[in-house]
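The values are calculated or read from the model by the stated rules, or taken from the named source; none is laboratory data. All figures in this text were calculated on a predicted structure; none of them were measured in a lab. Note that each Cβ is placed from the backbone with ideal geometry, even for glycine, and that neighbours are counted across all protein chains shown. Please note that ligands, DNA and RNA were not included when accessible areas were found on the heavy atoms of the full protein model with its side chains. Shrake-Rupley method; radii C 1.70, N 1.55, O 1.52, S 1.80 Å.
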Amino acid sequence: MSTKSSQLEKRVEGFCLLMAPLLFTASTFFWQDGEYGVEAATLIIFSMFFWIPALTGLFSLVKIEMPRYAVWGLWIAVFGCISGVCFAFLGYFATVFNISHEQYLNSLSHYPMTSQVLLFGSGPLFPLSMLVLGINLIVKRSVSLWIGILFCLGAVAFPFSRIPRIEWMAHIADLAMLIPSAVIALQILRK
């Protein structure tokens, strides 16, 4: 029974490793003047939903050699996903209610603590988690070197593309996450 359960769990993780970065990559094509509109926000929210089991699969690659890191790293990465959902909903509601970038930044300044916890302070947790995970995957030789390097490059390019909203750089960051995720997903799904 537990073997069937763990096989199903691995299949779900593999499927999510394909869907999460694929939806995230698609979302960038729907930016509206550098902002997440309704379509981009919706794709990001679904992407983050898929990233959580995908991250579980990725962190399991280092779980035996680094059990504490696998638990705490995953926990931090999941909070980064939650922050990503918050950013997506911010873009969604800004579009739906026709609120400009300056207006919502001004409004958020009235709530500095919660804005930091939910958005600005926690936002870097997702790419930072991917960077540290990429480094650990390389050090522990859990994946091919090029896969770990791509995760690291995607993680570094992520904030440099998202903060100033540079679309071409966002596409590079997205592809740098999509390609290694897809390779690992296909390896998982073939087993």
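Worth a mention:
- Which numbered condition F49 misses (of (1) under 10 Å from the mean Cα position of the chain (by Cα); (2) more than 21 Å from F158 (Cβ to Cβ)): (2)
- Any pair with Cβ under 7 angstrom, 6 or more apart, that starts in region 124-150 at a residue that is on the phi < 0 side of the Ramachandran plot and ends at one that is hydroxyl-bearing (S, T, Y) and open to solvent by less than 50 Å² (accessible area, probe 1.4 Å): L125/S83; F126/S83; N136/Y69
- Once region 104-157 is narrowed to residues that are polar (S, T, N, Q) and over 20 Å from V85 (Cα atoms), the residue that is farthest from the chain's Cα centre (by Cα) is N106.
- Residue list for region 155-177, filter: surrounded by fewer than 21 Cβ atoms within 10 Å (Cβ to Cβ), aliphatic (A, V, I, L, M) and part of a helix (DSSP H, G or I): V156, M169, I172, L175
- Residue in region 103-133 that is farthest from P67 (Cα to Cα), counting only those that are out of contact with any helix residue (DSSP H, G or I) (no Cβ under 8 Å at 6 or more places or on another chain) and in a loop (DSSP other than H, G, I, E, B): H110
- Residue check, N136 of a type outside the set (F, W, Y), open to solvent by 70 Å² or more (accessible area, probe 1.4 Å), assigned to a helix (DSSP H, G or I) and over 24 Å from F49 (Cβ atoms): no
- Which listed residue is surrounded by fewer than 17 Cβ atoms within 10 Å (Cβ to Cβ) and small (G, A, S), from S109, S142: S109
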